[in-house]
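Here's the structure, in structure tokens; my notes come after.
The values are calculated or read from the model by the stated rules, or taken from the named source; none is laboratory data. Since the model is a prediction, treat every value here as computed from it, not as a measurement. When we count neighbours, we look across all protein chains shown, and the Cβ atoms used for this are built from the backbone with ideal geometry, even at glycine. We work out accessible area using only protein heavy atoms, side chains counted, and drop any ligands, DNA or RNA first. Shrake-Rupley method; radii C 1.70, N 1.55, O 1.52, S 1.80 Å.
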Amino acid sequence: MAPNQKKSADSEYAAFEFHTKKISIVGIGRDILDKIHKFPFPVQQMLGAKACAVEGRIEKGKPATGLTSLDCSCLFYHFYLLLCRYIFHEHMYSITKLLTTSAWRRFLQMFQECGFEVYIRREIVKVDAPEKTKAERASDNQRKVCYK
Ligand SMILES: [Zn+2]
């Protein structure tokens, strides 16, 4: 196969895997796993890891967080806009079933509409933030010197 052909076959295969590959996890309810499988593969891996992390929380005796809505304040949730271990924990072990069909749909839609651009856009927003003024930078530098 010519190098160019090989390259395009590789990326086609990667795209195929991205949309069809499914993670397998033991110890997670079939209902949750079915939902996770609807996401792009890299997202399945992240969600799978968070769902598994709940077991670790249980082993350490950590209680469910008492979340009553899908608005967790943890770093992972805010960075990736994805279900985190606290949401999974609450859903799996308390009476509040946060992960309703419409909740899953909300997260899925995010990827169906713009794929991973959802993160790229967030990056652009960050870059657009106003640059520090010369004076602010100078005071930053001064502070660095002071800490030495
Ligand atoms: Zn969270």
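Take residue 122 and tell me if it is open to solvent by 40 Å² or more (accessible area, probe 1.4 Å) and modelled with pLDDT of 90 or more. For residue 122, the condition - open to solvent by 40 Å² or more (accessible area, probe 1.4 Å) and modelled with pLDDT of 90 or more - is not met. Out of curiosity, is residue 65 polar (S, T, N, Q) and surrounded by 14 or more Cβ atoms within 10 Å (Cβ to Cβ)? Yes: the conditions hold for residue 65. Hey, any hits in segment 81-100 for a residue that's farther than 20 Å from residue 25 by Cβ, within 12 Å of the ligand (Cβ to nearest atom) and out of contact with any strand residue (DSSP E or B) (no Cβ under 6 Å at 6 or more places or on another chain)? The answer is yes, given that some residue of segment 81-100 is farther than 20 Å from residue 25 by Cβ, within 12 Å of the ligand (Cβ to nearest atom) and out of contact with any strand residue (DSSP E or B) (no Cβ under 6 Å at 6 or more places or on another chain). If you go through segment 32-47 and pick out every residue that is closer than 17 Å to residue 98 by Cα and open to solvent by less than 50 Å² (accessible area, probe 1.4 Å), you end up with 4. Only one of the listed residues (59, 17) is at pLDDT below 90 and among the acidic types (Asp, Glu). That residue is 17.
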